[in-house]
Amino acid sequence: MPSTIDLANAVLAVGSLGTASFALVDATKAFGGGISNRGLGRIKSAVGRLLQVDSNAFRSVTNTLRANWINGTASLSDQKAIAKTLIKLNLTPDNAEHMAAATGVNRGILKQVATQYQKPNASLSPDEQNVAGRFDLQLASLLDEAYQRADQSYRNSAKVLAIAFAIALAIVAKLALEGTTNVPWGEAIIAGVLAAPLAPVSKDLASALQAAVKAMQVIRG
């Protein structure tokens, strides 16, 4: 049976393998955004519901949102706020009906709102203010769903890719050790599978194992 020190070292080693695999995942971003492109389709789809996909406005907005998403320079809430602002800036009488259909507000009144927004001193009637407020809320809700799903897709994809890299690294290590240390294929693959989940908690887990054993030794006297 392996000692506590051996088990703790094994946990740390597997965790280090996971850290290396996540570093490789991060390195893919140097190639056209790599893993960061995951989830972007959700955002583009949401914008496409609001702006015609063949319009210059759609291309301009999605290019900006893609840059923010891939670079990750802003928080998720900031990115949603930027997306909302850009879409509202592109609200015009020509696309108001399209946006109204996507958000479920009155088409005619939203078109009036868009017309008022183009005037230097916009003054909205009570009905227009009501529709403008509902449009704002529906827009925020639509974008929030898109960004949450996009973030989930990105995180899950990054974890899966990290596991794939960890398994590949474990297999390479097994082959490199052939003749000196014979590691069973099963153990190498299991180490790769566990590496990514263990990476964030490996140090804490190893310390917990050692503390648990010491506690049992004290109890037993």
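The values are calculated or read from the model by the stated rules, or taken from the named source; none is laboratory data. Please read all numbers here as calculations on a predicted model, not as lab measurements. Please note: Cβ atoms are built from the backbone with ideal geometry, for glycine as well, and neighbour counts cover all protein chains shown.
Out of curiosity, is Asp94 within 30 Å of Ala30 (Cβ to Cβ), surrounded by fewer than 20 Cβ atoms within 10 Å (Cβ to Cβ) and modelled with pLDDT under 95?
Taking the combined requirement at face value, the residue does not satisfy it.
Sort out which residues of segment 164-179 are closer than 15 Å to Ser16 by Cα and buried (at least 19 other Cβ atoms within 10 Å of the Cβ), and write them in order of number.
Across segment 164-179, the qualifying residues are Phe165, Ala166, Ile167, Leu169, Ala170.
Of the numbered conditions (1) under 29 Å from the mean Cα position of the chain (by Cα); (2) over 28 Å from Ala100 (Cβ atoms); (3) among the charged types (D, E, K, R), Arg134 fails exactly one; give the number of that condition.
(2)
Which ones in segment 20-70 are surrounded by fewer than 16 Cβ atoms within 10 Å (Cβ to Cβ) and among the β-branched types (Val, Ile, Thr)?
Hits for segment 20-70 are Val53, Thr64.
Quickly run through segment 69-105 and pick out the residues that are part of a helix (DSSP H, G or I) and farther than 15 Å from Ala146 by Cα.
Scanning segment 69-105 gives Ile70, Asn71, Thr85, Leu86, Lys88, Leu89, Ala96, Glu97, His98, Met99, Ala100, Ala101.
Looking at Ala158, Ala114 in this structure, which one is without any contact (Cβ under 8 Å) to a residue 40 or more places away in the chain and part of a helix (DSSP H, G or I)?
The conditions single out Ala114.
Taking Ser141, is it in contact with a helix residue (DSSP H, G or I) (Cβ under 9 Å, 6 or more places away or on another chain), at pLDDT below 95 and small (Gly, Ala, Ser)?
no
Among the residues of segment 69-85, is any more than 30 Å from Tyr117 (Cα to Cα), in contact with a Gly (Cβ under 8 Å, 6 or more places away or on another chain) and in contact (Cβ under 8 Å) with a residue 24 or more places away in the chain?
The answer is yes, given that some residue of segment 69-85 is more than 30 Å from Tyr117 (Cα to Cα), in contact with a Gly (Cβ under 8 Å, 6 or more places away or on another chain) and in contact (Cβ under 8 Å) with a residue 24 or more places away in the chain.
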